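Worksheet for the structure shown next.
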Amino acid sequence: MLSFFPTLYEDELLYSWFARYHNRSCNISPKATMRDLFGTPSMLAVPDMPTHLNKVYDRTKHFDMPDVNKWIEKHTFYLYYTTFAKQDVKKKVYDAMRDGKGQGSIHMLTGVMASKITEFHYFRYCPCCVSEDIKRYGETYWHLSHQLPSVFVCPKHERLLLSSYVPFRGTNKHTYTGASTSILLSHKETSEYTHKTMKHLVYLTNESMKMIHNRYRLTWEVIQKAYKYLLQQMGFANVNGKVDQHTLGEQFQHFYGDELLTLLQSPINRDSESCWLKSITRKHRKAFHPIVGLK
Ligand SMILES: [Zn+2]
């Protein structure tokens, strides 16, 4: 049983919370922190979809904190990666995160590994949020919303996020690295984008927020029907559901623009049969990365 534990902040990644525990515990070895949290030093510091969270809860529940369900839903990538997934996949992922059952297949199940989209290499942050965090809590932390692959702007301040120098998946997989101000002060350069791209990025951010706030309550079947209906409404599919791939690809590319599609690692290749836009608008049983589902 632990003798203290920090307060979990709004929109904070569990990873960040555990990092703040490590800093305050004065544990020299990251493995000592792992033992404190999970009861074993061999656990990995996972930023997006951590597993065996019940073990941490058992060691900390006497501090009267939110339950494991709230941890998983509000402080990890769980809802983000499972919003467009089937019910059985959601359950498997949830069980792995809570109890560690079948944990090896989490990323495969959600289609993340199957996707060609690579994640951000470094934790990201918003300087305005950092100032507000410090004013409010006396410290800052890694926000869940700032790390999502489809989020490039801060949902609160609508400015481009900055990249820190802290790797999202560090070379030492057993270490939690927090968002201390000294780390945040130096940051990588951020690009500038056109007004059109920025407008889409803000839209994507807002849609991503709906995912992590559980406001998309759609079944797999409803999602498929909705795509079909919308494609027909827009004149991209006939009454039988056959999609005019050429026109769809052309219009899609025109609407979003190559700058945004490249930024999202989702360029349209109209000549390729394996282009993601063709795949997702055909009958399929695959899981797709949320970036693809959101557009
Ligand atoms: Zn912000």
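Here's the yes/no breakdown for (1) over 15 Å from the mean Cα position of the chain (by Cα); (2) of a type outside the set (Phe, Trp, Tyr); (3) within 26 Å of Ser208 (Cα to Cα):
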| residue | (1), (2), (3) |
| --- | --- |
| Glu10 | yes, yes, yes |
| Leu13 | no, yes, yes |
| Phe38 | yes, no, no |
| Arg59 | yes, yes, no |
| Asp64 | yes, yes, no |
| Asp67 | yes, yes, yes |
| Ile72 | no, yes, yes |
| His75 | no, yes, yes |
- Might you let me know whether the stretch 8-15 holds any residue that is at pLDDT 95 or above, part of a helix (DSSP H, G or I) and under 18 Å from Gly170 (Cβ atoms)? yes
- Task: Can you work out which of the residues in the stretch 127-141 that are among the acidic types (Asp, Glu) and either touching a strand residue (DSSP E or B) at 6+ places or on another chain (Cβ under 8 Å) or outside any loop (DSSP other than H, G, I, E, B) (or both) is farthest from the ligand (Cβ to nearest atom)?
- Result: Asp133
- Query: List pairs: first in the stretch 252-279 and assigned to a helix (DSSP H, G or I), second among the basic types (Lys, Arg) and modelled with pLDDT of 90 or more, Cβ under 8 Å, 6+ apart or cross-chain?
  - Reply: Glu259/Lys196; Leu260/Lys196
- Message: Among the residues of the stretch 110-124, are any within 16 Å of the ligand (Cβ to nearest atom) and either within 26 Å of Thr194 (Cα to Cα) or at pLDDT below 90 (or both)?
- Response: yes
- Just checking, how many residues over the stretch 126-141 are surrounded by 14 or more Cβ atoms within 10 Å (Cβ to Cβ) and without any contact (Cβ under 8 Å) to a residue 60 or more places away in the chain? 6
- Message: Among the residues in the stretch 64-81, are any crowded, with 21+ Cβ neighbours inside 10 Å, modelled with pLDDT of 85 or more and more than 30 Å from Ile280 (Cβ to Cβ)?
- Response: yes
- In the stretch 37-55, what residues are outside any loop (DSSP other than H, G, I, E, B) and buried (at least 21 other Cβ atoms within 10 Å of the Cβ)? Leu37, Phe38, Leu53
- helices (runs of 4 or more DSSP H) completely within the stretch 142-229 that count 1 or more residues being surrounded by fewer than 20 Cβ atoms within 10 Å (Cβ to Cβ) and either touching a residue at least 24 places away in the same chain (Cβ under 8 Å) or within 16 Å of the ligand (Cβ to nearest atom) (or both): 181-185, 195-212
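The values are calculated or read from the model by the stated rules, or taken from the named source; none is laboratory data. Everything numeric in this text was worked out from a predicted model, so none of it was measured. Quick reminder, even Gly has a Cβ in these numbers, built from the backbone with ideal geometry, and neighbours come from all protein chains shown.
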